[in-house]
1. Multiply the residue gap between ARG26 and VAL99 by 0.36 nm, knock off their C-alpha separation, and tell me the result in nm, one decimal place.
2. Near GLY57, within a Cβ-to-Cβ distance under 13 Å, what is the net charge of the other residues, with Lys and Arg +1 and Asp and Glu -1?
3. How many nm is it between the label spots at VAL79 and GLN59, if each spot is 7 Å from the Cα in line with the beta carbon?
4. Compute the Kirkwood hydrodynamic radius of segment 2-100, taking the inverse of the mean of 1/r over all pairs of distinct Cα atoms, and give it in Å to one decimal.
5. Let me know the charge dipole size of the chain about its Cα centre in debye, to the nearest 20, where only the beta-carbon of Lys, Arg (+1) and Asp, Glu (-1) is charged.
Amino acid sequence: MIIQIGSGVEKFIGNLEETTTAKVFRNIDLLEKFGHELRSPHTKKIKTNLFELRIRGQQEVRIFYTFYKKEIVLLHGYVKKSQKTPKRELEYALKQFRVLT
């Protein structure tokens with residue numbers, strides 16, 4: 001599958017620590033290779049057609065994505081600091097999702 005990375009996500013990834021960036025790209029490669037078949041612990045379904053790519057490590061990173069017209073679109077990323085997904089981050093990802101569709 002083809003990965004489409006939004007400019008905000010690209011900038012977000014570029015600002016991460018070097019080791020975390022490597023982990024992010026490794027997980028994106030897995031997502032590209034396995035698509036819908038990729039499961040936990042790498043990914044989690046958040047809502048209908050909205051998923052979360054989960055990168056574990058020193059920095060816990062989450063990247064929201066969706067499947068759209070045979071492509072995987074990375075919508076929004078953030079560094080996880082609490083157990084629960086911050087409402088603001090989820091709302092922003094949903095906004096990006098609505099713009100896409």
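Values quoted throughout were computed directly from the atomic coordinates according to the rules given, and no laboratory measurement underlies them. Since the model is a prediction, treat every value here as computed from it, not as a measurement. Heads up, the Cβs are rebuilt from the backbone with ideal geometry, glycines too, and the neighbour counts pull from every protein chain shown.
1. 23.6 nm
2. Neighbourhood net charge equals +3.
3. So the label points at VAL79 and GLN59 sit 0.5 nm apart.
4. Numbers: mean 1/r = 0.0747 Å⁻¹.
One decimal place: 13.4 Å for the Kirkwood radius.
5. Values: 20 positive and 11 negative charges, 96 e Å.
For this selection, approximately 460 debye.
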